[in-house]
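Here the structure comes first, spelled out in structure tokens, and everything after it is commentary.
Every number in this text was worked out from the coordinates using simple rules, so none of it is lab data. In this text the structure is predicted, and so the values were computed from the model without any measurement. FYI the Cβ positions are ideal-geometry reconstructions off the backbone, even for glycines, and counts take in every protein chain you see.
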Amino acid sequence: MKSTIGFIFVLLTVFFPVQAQRPEVTITLNESFFDSVLDALFQNAGPIEFAIASNGTQNFQQSKQALSFGESSNRSCKEVIQLQRENNGVRTAVRFREGKILAPLVFAGNYNPPFVGCVSFAGYAETSIDLEFDQQNQRLIARARVLNVSLNGTGGVGGSVIAKLVQGSIDKRINPIEIFRMERLSFLVPVQNTGGLRMKAVGVRHDVDNGLLRIHVAYEFAK
């Protein structure tokens, strides 16, 4: 009986060899890191804004033209959506909760609906972040998916239209977000008379704890 079990085990080992686990590099990022990055971005960079008119929202443009009846638009109204660090108690941030990467994005802007004039608005978009490994370009990218848009300051005017414009702007203008390139995590392993071995990323996985994101990069070595 024991010899039979041993023979079966040998067959399984021959025909289904155990694949060696690839070496990995693990990067751990916390929420404080992203808070510092966002602070630096909003303090040192120029305004992050998107023009509503260039959104390409055909239905919005058609409805606006149909309602204007030839009236000239208010050219002094700069129709833009601008990202902000904080507004009305909500901050633009990156948060790790229950296995998900969440990012509230605070914004403000102006909208010029027909017959009403320039309307200022503000609010925030609840977004979920998905990570992707772009193996061809050897980079880790993220895509923001808008889950919900909360508005204030419109006085009830054009709220649904603004929500669609905000969602379209974020989806179209922010994605994809490059997190980092794998070459910055690679290093050369010196080997005498061979020129050395280089690390090449072949896969990326991640896991999320409350307050922490761990990115595991699998590598293979090649000349």
Subtracting the Cα-Cα distance of ASP171 and CYS77 from 0.36 nm times their residue separation yields 31.5 nm
Counting other C-beta atoms within 10 Å, which of SER76, SER128 has the fewest, and how do the rest follow? SER76, SER128
